[in-house]
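Participant: Take this structure first; my questions come after.
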Amino acid sequence: MLRIALQSKGRLNEKSLALLRDAGIGIDENNRRLLSQASNFPVELLYLRDDDIPKTVSCGIADIGIVGLNEVMERKFDVDILQHLGFGKCRLSLAIPKNLDYTGPQFFEGRKIATSYPRILKKYFMEKGVDCEIREIAGSVEISPAIGLADGIFDIVSSGSTLIQNGLKEVEKVMDSDAVLIGVPGLDEEKKGVVNILMSRFTSIIRSRGKKYMLVNISNEKIEDALAIIPAMKSPTLLPLADKGWSAIHSVVEESEVWDKVDRLKKIGAEDILVLSMEKLIL
Ligand code: PRT
Ligand code: ZN
């Protein structure tokens, strides 16, 4: 039985569960104990605080886990990073009061910086040759400059609005982060087999994100023009319609490009354009 550690609540919880569900793992939401078994797959789910996931995986209490890369890099436990999962995206950045002039990393020489990520920050400043005082605090890092606790902060940034609300500006991005699948080094062959199945399912799900499936009816003489607008992934799927002289083209397109492609297809006489959601893309 493979044990997967997940965040019990918080930013990564819902998307981690959705990923497992999309991968075909039956999770009973009404029966969510600390440890619960999937209904149809040889895995059990262990719900934890995100801070505890790298340690739990490194010592083998859980075999794999889903956690932010920031936590993995900060806690330095011995785990393998198996896969980037592409959600929970954020960055770890340095920020200073917005009215100060920023002169580069040397700005921080001799200054105090508040953070919950002291190890990552220490490594960054060692590489830059900057000597500063790192003050580790557990939460509400962003208020530190206003209350005189620090000259700057090093924290997670996503939209940037928390920094703005606190009169701060982002001056250096130190690392990007997203949710990652981590594993205990040296899993046995049987468990590795289950992990490989899960990872290939995750890959199909991740690949289909942000993509749409398009079906377009087009007269045969316009097929080449249509394929220039919606190129096929390998070879185009073309199906003849009952109406002679017309065909249907199937294609996968980026969601952000759908409307542009619809407009261009209509201009060349395409009809009955269908745009559908994609769940999985298995190559
Ligand atoms: O209870 P538990 O310990 O499990 O959870 P937690 O409170 O420690 O973590 P949680 O749920 O807040 O975040 C879990 C993970 O989500 C983090 O480790 C990151 O990998 C990822 N993540 C993605 C974020 C954000 N985006 C994010 N915006 N984690 C935190 N934030 C916070 C940030 O700390 C700051 O206060 O949101 C604020 C900034 O957001 P913006 O949009 O205003 O820039
Ligand atoms: Zn936490």
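Participant: Indicate, rounded to the nearest 5 percent, the antiparallel portion of the DSSP beta bridges found entirely in the chain.
Facilitator: Working: 43 of 58 bridges.
The answer is about 75 percent antiparallel.
Participant: Kindly provide the helix-only [θ] at 222 nm of the chain, computed as the sum of -39,500 (n - 2.57) over DSSP H runs of four or more divided by all residues, to the nearest 500 deg cm²/dmol?
Facilitator: Working: 8 runs with 76 residues, N = 283.
Computed ellipticity for the chain at 222 nm equals -7500 deg cm²/dmol.
Participant: Where in the chain are the DSSP H helices whose C-alpha atoms run 18 Å or more along the long axis and whose mean Kyte hydropathy is at least -1.0? Walk me through the intermediate numbers first.
Facilitator: Details: long enough: 189-208 (29 Å, -0.02).
Both cut-offs are met by 189-208.
Participant: Quick one: if the Förster radius is 51 Å, what FRET efficiency do LEU281 and GLU109 give, using the C-beta to C-beta distance and rounding to 0.05? Present the calculation step by step, with values, prior to reporting the outcome.
Facilitator: Values: r = 49 Å, r/R0 = 0.96.
The value I calculate is 0.55.
Participant: Based on the Cβ-Cβ distance from ASP80 to LEU239, what FRET efficiency comes out when R0 is 45 Å, to the nearest 0.05?
Facilitator: Details: r = 44 Å, r/R0 = 0.99.
Approximately 0.50, to the nearest 0.05.
Participant: Right, something else. Please enumerate, by chain and number, the lysines with C-alpha under 26 Å from the C-alpha of LYS128, excluding those fewer than 8 residues away in the same chain.
Facilitator: Answer for LYS128, where 26 Å is the Cα cut-off: LYS76, LYS89, LYS98, LYS112, LYS169, LYS173, listed by chain and number.
Participant: Turning to a different aspect of this structure: If we sort 231-240, 177-186, 132-141 on the protection proxy, mean other Cβ atoms within 10 Å, highest first, what's the order? Intermediate results must be reported in sequence, preceding the final value.
Facilitator: On the way: 231-240: 11.1, 177-186: 19.5, 132-141: 14.4.
In descending order of packing, they fall as 177-186, 132-141, 231-240.
Participant: Extension gain SER39-CYS59, at 0.36 nm per residue separation less the Cα-Cα distance, in nm? Before the final figure, lay out each step's value.
Facilitator: On the way: separation 20, 0.36 × 20 = 7.20 nm, distance 2.60 nm.
Gain on extension, SER39 to CYS59, equals 4.6 nm.
Participant: Over all distinct alpha-carbon pairs, what is the Kirkwood Rh of the chain in angstrom?
Facilitator: Working: mean 1/r = 0.0449 Å⁻¹.
When all Cα pairs of the chain are included, the Kirkwood radius is 22.3 Å.
Participant: Separate question: Share of Cα-Cα pairs in region 104-257 beyond 18 Å, in percent? Intermediate values should be presented prior to the final figure.
Facilitator: Numbers: 8648 of 11781 pairs.
More than 18 Å apart: 73 percent of the Cα pairs in region 104-257.
Participant: If the chain between LEU215 and ILE147 were fully stretched, how many nm would it gain, using 0.36 nm times the residue separation less the Cα-Cα distance? Intermediate values should be presented prior to the final figure.
Facilitator: Working: separation 68, 0.36 × 68 = 24.48 nm, distance 5.83 nm.
Full extension from LEU215 to ILE147 adds 18.7 nm.
Participant: Based on the Cβ-Cβ distance from SER159 to GLU271, what FRET efficiency comes out when R0 is 41 Å, to the nearest 0.05? It would help to have the intermediate numbers written out before the result.
Facilitator: Numbers: r = 41 Å, r/R0 = 0.99.
Rounded to the nearest 0.05, the efficiency is 0.50.
Participant: Still on this structure, please answer the following. Note down the nm distance, to one decimal, between modelled labels 7 Å out along Cα→Cβ at ARG49 and at ASP131.
Facilitator: Going from the ARG49 label point to the ASP131 one covers 3.5 nm.
Participant: OK, next. Report the residues of region 246-283 in range of a label on SER200: point 7 Å along Cα→C-beta, backbone N strictly under 20 Å from it.
Facilitator: Residues 279-283 fall inside that zone.
Participant: Hey, another quick one. Can you list the equivalent-ellipsoid semi-axes of region 167-283, largest first and in whole Å, using the square root of 5 times each Cα gyration tensor eigenvalue? Display every interim value, and only then the final one.
Facilitator: Working: eigenvalues 308, 107, 18 Å².
That gives 39, 23, 10 Å for the three semi-axes.
Any read-out appearing in this document is the output of simple, stated calculations on the displayed coordinates, not a laboratory observation. Keep in mind that this is a model prediction, so the values were computed, not measured. Backbone-built Cβ (ideal geometry, glycine too); neighbour counts: all protein chains shown.
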